[in-house]
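Structure first, commentary second.
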Amino acid sequence: MQCKECGELARDNTLRYCENCGAKMPALPPGTPRKTGVRPAIPTTGRPRAYVPARDALPEDDTEEQSMSPHFAPASAQDEHTDPGIAAAPPYDGPAWLAHVPGHSPTVLGLGLLALAMFLSILPFFSGVGPLWSVVVLAGGWVVAARELREAQVRHPLVDWVPENLMHPAVPALFAVLVAALALRMVSLGFTPLLWLGGAGLVGYDQYRKVYAGESGWSRLFAPRQLLSGLHLVALGGVALCLLSLFLTWVPARSPARRAPAAAGPPELRMMDPVPVSSDYSFELPYNAGWDQPMAVTMELLLLAVLGVMALHPEVYRPDWLRFTPLGVVALGLLWAVFCLVTLGFSVGPVLFLVGLAAVGVVSGREAFARAPSAE
């Protein structure tokens, strides 16, 4: 088809306007076949040809061209999956060993070590603190972990249900003292004692910075240096002796039973003496230390509480009945040690415990019955 204005020949006879001048193309006569401008396919020789675009068709650097697009985002922004309703968390720049810990908290890592130690204690060849204290540590650790994650603004369905009234700073402080006392009870050669020492150390180190140190911490209520002067030093030594005695034996060694005299008779009828059974064939565990006795951990916590009362700052208000609590602990410890002596027998462990308890009792009695100076 040819344009009447410019004479341009059009390959596609279906065009209504000329591609060269834009003039209206003449109408097709009736019966004329319709042709399009599609080129015929090039016959191939059996070997595919790779498509190589022209060099001037490829941009040297499309970064500038893409950046003009409204949907362009840099690679760093594309990798971050953030919620527009939640502020992006700052990048972590702390210790590498806390990078994958929830909340990047040493306390949470310490709780993980304690949980592993209590899980291993289920097995018969790993030592533990017993089912009662294990339940107490698990419950307290749950609350402390919830407090740590909430302070780090990390949400988790396992701890989000913990009520807010359990987030008091006294909870992690008392929990740190508890796990430290249990770690002292677990001191021995083994794998689980190492886990207890590591977990209690991490919890105590982290909570010391968060709860105890600082102007608003609990350090304003206590003056531990008071225990290193005067009669308080005697009480400190007494408590240390009591705790040391718990590592010693509290069950005296039993002497072998006397053999009954053999009945007289002809020598050919006498039986040969039986071979004595060696103690190496006995599979009974030697539960003879003070820590293995009932209420041993409870007495340890009470003695540490006595030191806490004596370490209170002089300016801190305390009720009148509080000065008699150390004497009550001494009386309870006296009954416990005497009961062990009567039921188990005389041994060095209870004797040393009574000696240390006597030192604590002297200092506690002096502070309980000392009269306060009269106000002028």
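Side notes on the structure shown:
- Just one of the listed residues (66, 78) is exposed (fewer than 10 other Cβ atoms within 10 Å of the Cβ), modelled with pLDDT under 90 and not assigned by the TED database to the domain that holds residue 180, namely 78.
- Condition check for residue 181: touching an Asp or Glu at 6+ places or on another chain (Cβ under 6 Å), of a type in the set (A, V, I, L, M, F, W, C) and open to solvent by less than 60 Å² (accessible area, probe 1.4 Å): yes
- Of all residues making up region 312-328, the number that are closer than 18 Å to residue 365 by Cβ, open to solvent by less than 50 Å² (accessible area, probe 1.4 Å) and not in a helix (DSSP H, G or I): 1
- Looking only at region 204-222, residues that are assigned to a helix (DSSP H, G or I) and either touching a Pro at 6+ places or on another chain (Cβ under 8 Å) or within 24 Å of residue 317 (Cα to Cα) (or both) come to 10 in all.
- Residue pairs meeting the criteria (Cβ under 6 Å; at least 6 apart or on separate chains; first free of Cβ contacts under 8 Å to residues at least 24 places away in the same chain, in region 109-124; second not acidic (Asp, Glu)): 118/134
- Residue within region 223-243 that is outside any helix (DSSP H, G or I) and surrounded by 19 or more Cβ atoms within 10 Å (Cβ to Cβ) present: no
The values are calculated or read from the model by the stated rules, or taken from the named source; none is laboratory data. Just so it is clear, the structure is predicted and the values come from calculations on it, not from any experiment. We place every Cβ from the backbone using ideal geometry, glycine too, and count neighbours over all the protein chains shown. We work out accessible area using only protein heavy atoms, side chains counted, and drop any ligands, DNA or RNA first. Shrake-Rupley method; radii C 1.70, N 1.55, O 1.52, S 1.80 Å.
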